[in-house]
Structures are given as structure tokens and as C-alpha cells.
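Inspection log for the structure reproduced underneath, given as C-alpha cells.
Computed from the coordinates by the stated procedures, all read-outs in this text should not be read as laboratory data. Note that the coordinates shown come from a computational prediction; the quantities given were computed from them, not determined experimentally. Cβ placement follows ideal geometry from the backbone for every residue including glycine, while neighbour counts extend to all protein chains displayed.
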Amino acid sequence: MNHPAPPASVRRPFPAELLSALKSLFGERVSIAEAVRANHGRDESPFDPQLPDAVVFARNTEDVQAVVRLCAQYDVPVIPYGNGSSLEGHLLAVQGGVSIDLSEMNRVLSINAEDLTVTVEPGISRKQLNEALRDTGLFFPIDPGADASIGGMTATRASGTNAVRYGTMRENVLGLCAVLADGRVIRTGTRARKSSAGYDLTRLFVGSEGTLGVITEITLRLYPQPEAVSAAICAFPSMESAVRAVIETIQIGVPIARVEFVDALAIRAINRHSNLTLREAPTLFFEFHGTAAGVQEQAELVQEMAAQNAGEGFEWATRPEDRSRLWNARHNAYFAMLQLKPGCRAVTTDVCVPISRLAECVVETEKDLKASSLPCPIVGHVGDGNFHVAMLIDPQRPEEFAEAERLNHRIVQRALRMAGTCTGEHGVGLHKIDFLVEEAGPVAIDTMRAIKHALDPRNLMNPGKIFSWAA
Ligand SMILES: Cc1cc2nc3c(=O)[nH]c(=O)nc-3n(C[C@H](O)[C@H](O)[C@H](O)COP(=O)(O)OP(=O)(O)OC[C@H]3O[C@@H](n4cnc5c(N)ncnc54)[C@H](O)[C@@H]3O)c2cc1C
């Protein structure tokens, strides 16, 4: 690998006394094995791993408190670890430190079916949670492509294919419990659906990327399983026509549950990976939730919008097995795309623009990508104005990394120019620090920095991420 993570960083000393103290408390649940550290010092970004000095597998809030307190005593950083699926260098231990792996904290603490809420530990994955909810008639809709942990999803303010109808983690986390940098425990929010009680500390932690504390409990909103579900897929002659069909659908207020864009190259990848025979053209995947009559009505309206925008071959998938084949193929698109170029890594970007600018943004981006030497499939949660480009690079060729960075830069600049954001859902991590400065401006960054300095005055919680420590 040849891609040192930005920015340059200085590792802090890792005292032997700290390791002994951790070992005496946690025994075999502390690891300094190279392979374990390597697995925790990387994510799905193309950056070279930067290893933590040790990994501790926590089992409860008290474990997390003990690690955080010891690390504070020895001035050593702490990096919370969920499932390692983040995409912007979030988990790299740029200053060394202790990675707290939360995967063993994966219990459902309580389900309150009458209130449509659930309280969970952070290490439970979204699929594990929905499995646990199966017999309740309820579900949790946020579905990033990876089987991410709820803690990681909270910390990155994640979303996915269902956000157009059900919102993102921002709308669906009602409250949480977190261990602060000094080891104290904070509880935010309640199980009530709304509150105007003081500063909204829940939302401060949602999207904080491990830089303010370690989240150890989360209360989430749930939704009743829809009475009827149907899915459809439709090919279009161009990206622009596909995106226009989506914009018109959203603008007339169809409460569509999912609408995903997949370009022709990504369809080729999906066909090969999932053994499908979809037409290799810009394609929309739709899903409708509601009553049988409501679903029928939504689907007819969308079919009309598709036809008005030259959509061809609108196909239904009403049987559950056909629907899941389609959506599994969509969820595996990232891994399918990696197989387009054996041995490659993906530099991904995930801009989001106001829906009225989406067609223009996608069309200009497509022109850029066509002129590039890299294969760059596009997929997107276009109902939200959010799309992703995966720039497939040979990790041994620095010139390909430079080309991906050039494209990424242009895509983000375009989104910012169109009143959008540099990241719709993946977060800032290491890779988008400079873009965040451009997007938010110096006063907003100073305000974020003031919050960080107040809550973590020694810069121990996942240092080096989101923005620089010093102005
Ligand atoms: C194939 C693929 C598809 C994806 N699709 C989507 C998508 O559709 N939508 C989307 O939003 N994202 C998507 N992602 C990105 C990724 O899945 C999300 O960012 C996810 O929320 C990360 O969760 P994780 O459990 O893997 O967290 P990790 O990668 O382990 O951690 C992410 C960040 O959260 C912090 N963190 C983790 N747990 C805690 C905690 N308990 N307390 C405090 N901080 C914590 C970490 O320190 C780190 O900064 C995709 C990634 C892949 C590989």
C-alpha cells in the first residue's frame, strides 16, 4: 500500500505500566497481537493502516470507563471500534493509543413495543437488531450497505437506502449513554418522541465519530413492519433521465420507501457478482411500503413518472424472494464493483446536494468520470440527493491514487457550489477535513473545536479526526 493517511501525525508514548494495568483488569481481553492491532487500525478507506498500541474488548459501560480512565491517566488516546466499515480513515490510530472494540457489547437492553423504541448496546449490528425484532412486528430501517454496528452508525450519523422515507440516524436516535474523556458517564435524551429541554446533546454525539466520547447505549425509534411491500426496477436511456424521474417523484410527494440509482458500469458489476441479467443501463431500484392499496397507488404514480422520462421495462418484484434478491444485489454493489478491477481498492466519495440540483450535479460528474482513465461506477440514494462514486485504483500505482483524489476534489467542489455537502452519510474522518473547512467555514469549525476542547481538553478521544486540534 502506498497511501499514507493525511494529515501527518505524531504517535504518543504507550507506557508499559498502562499495558500492565489493562492486562490486570482485562486479562485475555487485551491484545497487542500484530494481526489484531492491524485489523483495528484500518477501515474500508484506501489508506495505509495505522495500528493502535493495544485493543481491549469491552463488555459493559464499566469496562469502557475503566479503559478511558486509565488512558487519561497516562495521556494515551482512545479509539472506539464498531465494525470497521467506515470509509474515510475514521479508525486509523494516527497518534497510537487503545482501540476499544465494542462488538461484545451487542445486547438488546429493552424493547418498548408500545412506544416503538428499543435500547441497545453499541456493538449490535443492524442485522442482529432486526433479527432480534423479528417477532415484534417492528423494524429498524437504517441500512448502510455494510452490516455496521449501531454504535458506529450513531457515531457517523449514517443512513442508507431507506432514509428517503425513514430519515437517518439523526432522526432515529432518541437518546444515548456515553463515557466522556474523563471517564464520567453522560445520559442524553429520553424515550419521549420529542423534547425541548436544553441543548440537544444527543445530536451532538450523533456524528461525533468517536471524538467526544464512547457511546455505550443507544435508544432508537422503531417502525411497524409495513402491511404491504413491493419493489420495482426500471432502466433509463441516460443518467439524467433516471435522476429526473426521481426528482419529479419526490417533488409530487410520493412517500417512496427506497429509490436507488445504479449506473451502467455498476449494473455490469452487480450482474457478474450476483448472477443477474439486468440490462446494462442507468437503472433505478424502487421500493414501496404501505397498505396494499397505498403501495399500488404509489407504484402507479412512479411508473408514470418513469415513462414520462423515457424509462424502459418497468419490472415488478412482489414476491419476497425476488425483492430480497434485488436488494441484496444492491447492497453488495460495493464488493461487486471492487471485482471490476482485480486487486483494486476503492476511493469513495459521497456528496449530497439539494434535490433540485441533483440532475445537474450527476450529469457534470458523469462527464468528468468518462474523461478519466479510472473505472468509476456511480450508485446513489438519489431520493435524498446523495450519490457515491467508487474510484477504482491499483494500490501499487500512486498516479491512480492522485487521479482519484483529483476527481474527488472536483466532485466535492461541485456539490459545495450547488449548496450541498461534502459527505451525505459517510462522515469526515481523516479524508474530508479540508473539505469540511470549506463547507462549514472558520467560525463553525472554531465552534466545533471549542466543544471538543471543553469535553476532551487533552485530545484523547479519536484524535486527528473531523478537524485539526489547533486553529
Ligand atoms: C460496502 C459498504 C457500504 C456502505 N454503505 C453505507 C451507506 O449506505 N450509508 C452509510 O451511511 N454508510 C455506509 N457505509 C459506511 C459505514 O458502513 C458506516 O460509516 C457505518 O456507520 C460505520 O459503522 P461501523 O460499526 O463499521 O463503525 P466503525 O467503522 O467501526 O467506526 C466508525 C467511526 O465511529 C466511531 N465509533 C464506532 N463505535 C463507536 C461508539 N460506540 N462510540 C463512539 N464512537 C464510535 C469510530 O471511532 C469511528 O470514528 C458503507 C461501508 C461499506 C464498506
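Normalising the average separation of contacting C-alpha pairs (under 8 angstrom, six or more residues apart) by the number of residues puts the relative contact order of the range 296-411 at 25 percent. Label sites at Glu304 and Ile186, each approximated as a point 7 angstrom past Cα along Cα to Cβ, lie 4.9 nm apart. Put in line by how crowded their Cβ is, counting other Cβ atoms within 10 Å and starting with the fewest, His431, His289 read His289, His431. Label separation (Glu438 vs Arg11): 3.3 nm, computed from points 7 Å beyond Cα along the C-beta direction. Beta bridges from DSSP with both residues in the chain: antiparallel share about 85 percent, rounded to the nearest 5. Footprinting exposure proxy ranking of Leu176, Leu116, Leu276, fewest other C-beta atoms within 10 angstrom first, gives Leu276, Leu116, Leu176.
Nearest 10 degrees, 0 to 90: what angle lies between the long axis of helix 320-331 and the longest principal axis of the chain (Cα atoms)? Value to nearest ten degrees: 60.
A simple rule links phi to the HN-Hα coupling: the Karplus curve 6.51 cos²θ - 1.76 cosθ + 1.60 with θ = phi - 60°, which for the range 377-387 gives x, 10, 9, x, 8, 5, x, 9, x, 10, 9 Hz, with x for Gly and Pro. Once the Cα atoms are used to define both axes, helix 292-308 deviates from the longest principal axis of the chain by about 70 degrees. Kirkwood radius for the chain, taken over all pairs of different Cα atoms as the inverse mean of 1/r, rounds to 23.0 Å. Translational diffusion of the range 16-101 was estimated from the Stokes-Einstein equation, with Rh taken as the Kirkwood radius over Cα pairs; at 4 °C and 1.567 mPa s the coefficient is 101 µm²/s. Between Val363 and Asn271, what FRET efficiency follows from the Cβ-Cβ distance if R0 is 25 Å, with the result rounded to 0.05? So, using R0 = 25 Å, E works out to roughly 0.55.
When peptides 192-203, 415-426, 363-374 are ranked by their average number of other Cβ atoms within 10 Å per residue, the highest-first order is 415-426, 363-374, 192-203. Among Val302, Val437, the order by Cβ neighbours within 10 angstrom, fewest to most, reads Val437, Val302.
For the chain, the mean residue ellipticity at 222 nm estimated from helices alone is -11000 deg cm²/dmol, where every DSSP H run of n ≥ 4 contributes -39500 (n - 2.57) and the total is divided by all residues, rounded to the nearest 500. Under the definition of Cα pairs under 8 Å and six or more residues apart, what whole-number percent is the relative contact order of the range 1-91? In percent, rounded to a whole number, it is 34.
Ranked by the mean number of other Cβ atoms within 10 Å per residue, highest first, peptides 44-56, 326-338 order as 44-56, 326-338. Normalised size of the range 431-471, defined as Cα radius of gyration per 2.2 N^0.38 Å with N residues, equals 1.09. Return one number: the angle in degrees, 0 to 90 and rounded to the nearest 10, between the long axis of the Cα atoms of helix 61-74 and the longest principal axis of the Cα atoms of the chain. Once rounded, one gets 60 degrees. Checking every one of the trypsin sites (Lys or Arg not before Pro) in the range 144-188 against DSSP loop status and a limit of 15 other Cβ atoms within 10 Å picks out Arg184.
How large, in Å, is the range 161-237 by the Kirkwood hydrodynamic radius built from its alpha-carbon pairs?
14.8 Å
For the chain, the relative contact order works out to 16 percent when only alpha carbon pairs closer than 8 Å and six or more residues apart are counted. Here the Kirkwood formula, the inverse mean of 1/r across different C-alpha pairs, assigns the range 108-224 a hydrodynamic radius of 14.1 Å.
Across the range 341-417, the volume of the C-alpha convex hull divided among the residues equals 73 Å³ per residue. Pairwise Cα distances in the range 228-334 exceed 17 Å in 49 percent of cases.
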